[in-house]
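Engineer: Attaching a single structure in structure tokens format; questions to follow.
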Amino acid sequence: MPTESPMPKDHPLMKAWEEYKLTDDYANTRKWALHAEHVDGSLWAAFSQGWFLAENASPPNIEAEP
């Protein structure tokens, strides 16, 4: 018995996903993920943002090193 099946297109999560794909944030994440050396960083940025949003918390303010 399969344990995976497609999510209905009218499910709120799928609707949110389709809306997210129209954003600049998605376009930027996707652009950088196409470069092998930036895949993990790009995916980490998207994952961590979702994590903090799910936890109703703000990401830490970390300054980039010079």
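Engineer: What is the extension gain from residue 10 to residue 35, computed as 0.36 nm multiplied by their sequence separation minus the C-alpha to C-alpha distance, in nm to one decimal?
Structural biologist: So the chain would gain 5.8 nm between residue 10 and residue 35.
Engineer: Using +1 on the beta carbon of Lys and Arg, -1 on that of Asp and Glu, and nothing else charged, what's the dipole of the range 12-54 about the Cα centre, debye to 20?
Structural biologist: Dipole about the Cα centre, nearest 20: 100 debye.
Engineer: Pop a pseudo-label 7 angstrom from the Cα along the beta-carbon direction at both residue 18 and residue 47 and give the gap in nm to one decimal.
Structural biologist: Output for this residue pair reads 2.8 nm.
Each reported figure results from applying straightforward, stated rules to the coordinates on display, with no laboratory input. Computed from a predicted structure; not experimentally measured. Positions of Cβ are backbone-derived with ideal geometry, glycine not excepted, and every protein chain shown enters the neighbour counts.
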